[in-house]
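The values are calculated or read from the model by the stated rules, or taken from the named source; none is laboratory data. The model shown is predicted, which means the values in this text are computed figures rather than measured ones. FYI the Cβ positions are ideal-geometry reconstructions off the backbone, even for glycines, and counts take in every protein chain you see. Each accessible area value is taken on the protein alone, full model and side chains, heavy atoms only, with ligands, DNA and RNA left out. Shrake-Rupley method; radii C 1.70, N 1.55, O 1.52, S 1.80 Å.
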Amino acid sequence: MGVFYNSLCLRGDRSAPARAAVERWLFARGFRPSEEPNLFDLDAPSERSVFVLSNEHWTILLYSHFDEERRLIRELQAADLGPLLYLWVYDSDVWGYDLFEDDRFTASFASDPATYFSFADDVPFGERPSARPAELCRRLELPAERASEIGRVERRRTAFSEEACAALARLLGCGPAVNSYDELELRALAAADGVLDGWSLRHLVYFDPRAAGVGDERAECPPFDLHSLEIEGAPADRRHFGKSTAQIELSPDLLRELERMRRRARWTLRLLAPVSAAARAWSRLRGGREAPVSGAVDRMPVALPPPAPAVERILEHPRHGVRIEVPNGVEVETVSGRPSSVFAFRIDGLFVVVNARRRRSIRDVLRRPSRATVARDERGWAGDLPLRRVVFALPTRAGGDAPPSFLGYDVVQTFRCLFVFYTRWSGELSDETWERLGQLAASLRLTPDGPPRRAERAGMPA
C-alpha cells in the first residue's frame, strides 16, 4: 500500500472567505467551533477539522474527512472564491488534479487513466475535460513559460506517484498541498506562532455537541470513581488485539507511510544487489574469510564499559499541562507528534508509552480483552489523582511453548482526561521493573500553569 494525498487549493489569500464557507456548511450540520486545546486524536463521528495554509499566492485546505470533500468543493464553489484546484494521490500509484471554476468542471488530469480514481466526482475520465498545461497556466494566472515544465512533470513515470505530484505542486507554488491530514497534524503541533515553512497556518476544529463521546470539555461527562469501576469483559466478537488493548494506536495513514518506506527499502536493496554480489566476489578473490578458532572467542574475557550514571530529572508537557519525574535507570524515548502522545520511556528494555485518552473512554481502557484474565488490579494515588494499575494475561495457543504475554495499563485520572501508561511484555517481569513503572506513573502531576480547569468549574471531579 502507498500514500493517499488530497487537498483543495485556491488562488490568492482566500483564507478568511474559505474559513467562512467551511463554517457555514458545518454550522448547518450542527457543528460548533472548539476553543479547547488539541489534546486528543480526532473523534471521527463527532468532530471535523480543517487545516488552512495561506500566503499571498495560494490558500490550501486539508480536510479531515475525505468522503465529505465533494460537498465541501460545492460549498467553496458557491462562495465564488475563484478557481479551485483539487490535487490528489491514490495509493502511490496514480496522481492527478481536477480544476473547478465557478460551477463548472473545466480541467482534469490523471497520470494513468486506465486505473483512474477520483475523489472529486463520479464522471468517468473519458467524459472529463482534458487538461493542457498552457490552459492550466492561463486559468491559474501562472507564467506561460511554466507550461513546458508542467508537461514534463505530467509525462514523468515514477514508482511513487506522490513524487511527481509534489513536483507539480512546487511548480505551481503550492508545495504544502502534497500532504495528508495526519502528516500535517504531526507537523502543525510543532509549528511555532501559526507559521509552517513560511505559510500562515490555522488548525480549525469543530464538534457536534449533540454527539456522545466527545471531549470532557465539550459535553458533560458522568462522574466516576476510577478505584471502584469494575473491569468488564470484552464482547464475544472482540479480539485481544482490538483497540482497547493496543499498546500504541497507529493511524491508517501512518501504516500506509510505513508500507511506503518498506517499498522504498525493497527497491533500494534490489538496486544494491549487484554491488553486494561484486563485493562478495572480490572477497572470495582475496582469499575469503578466515575460519575462526573454535571456542577462542567464547573464552575471551569481555571488558564492558561502565554504565553511564542515570540522572533523575523532571519532564513537562506544556500542551497537556502535566509533568513527570523520571527515576534513575529510566530512559526517555521520543514520542510521535500525535495530539494524544505525551511521553515514552524504556525501563529495563520494556517500552512504555503514555497517551492521553478522553474521560469517556474509561470503560474501553479497563475492558478485559477477549479470553484474557486479570493478573493484577491495584489502586493507588499519583499525588491527589486516582491511579489504577491493571495487568491482563493474554491468551496463548494451546500446546505452544511461547512464554505468556501480558498487557499493562497504569491509568491516572485528571479533571480533563485519562493518562494511560501502556506496556506489553512476555515472560516474567521483575519486581524492580514493576516498581519503577509504578513510581513513574505515581509521579505524574498537573502543572500550575497548565490548561484552565473549566471541567472543575462545571462540577466535574478532579
The residue that is nearest to the chain's Cα centre (by Cα), considering only those in region 40-64 that are under 23 Å from Asp103 (Cβ atoms) and not β-branched (Val, Ile, Thr), is Tyr63
Tell me, please, whether a residue that is without any contact (Cβ under 8 Å) to a residue 60 or more places away in the chain and β-branched (Val, Ile, Thr) can be found in region 415-423.
-> no
(1) touching a residue at least 24 places away in the same chain (Cβ under 8 Å); (2) touching a Phe, Trp or Tyr at 6+ places or on another chain (Cβ under 8 Å); (3) surrounded by 20 or more Cβ atoms within 10 Å (Cβ to Cβ) all hold for Ala110 apart from (1)
Output for Cβ contacts, cut-off 9 Å, separation at least six or different chains, first residue in contact (Cβ under 8 Å) with a residue 24 or more places away in the chain in region 136-154, second open to solvent by less than 60 Å² (accessible area, probe 1.4 Å) and among the basic types (Lys, Arg), reads Leu140/Arg11; Glu141/Arg11
Of the conditions (1) surrounded by 19 or more Cβ atoms within 10 Å (Cβ to Cβ); (2) assigned to a strand (DSSP E or B), the single one that Pro339 does not satisfy is (2)
| query | part of a loop (DSSP other than H, G, I, E, B) and buried (at least 18 other Cβ atoms within 10 Å of the Cβ), is that true of Asp41? | reply | yes
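Condition check ((1) among the charged types (D, E, K, R); (2) farther than 23 Å from His227 by Cβ; (3) open to solvent by less than 40 Å² (accessible area, probe 1.4 Å)) across all residues:
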site	(1), (2), (3)
Val391	no, no, yes
Ser405	no, yes, yes
Val412	no, no, yes
Phe419	no, no, yes
Glu432	yes, yes, no
Arg436	yes, no, no
Filtering region 415-449 down to residues that are in a loop (DSSP other than H, G, I, E, B), over 24 Å from the mean Cα position of the chain (by Cα) and on the phi < 0 side of the Ramachandran plot yields Phe415, Glu428, Leu429, Ser430, Ser443, Leu444, Thr447, Pro448, Asp449
- Being of a type in the set (Ser, Thr, Tyr), closer than 16 Å to Tyr181 by Cβ and surrounded by 21 or more Cβ atoms within 10 Å (Cβ to Cβ), is that true of even one residue in region 88-99? yes
Inside region 6-33, the number of residues satisfying the requirement of being buried (at least 18 other Cβ atoms within 10 Å of the Cβ) and not in a helix (DSSP H, G or I) is 8
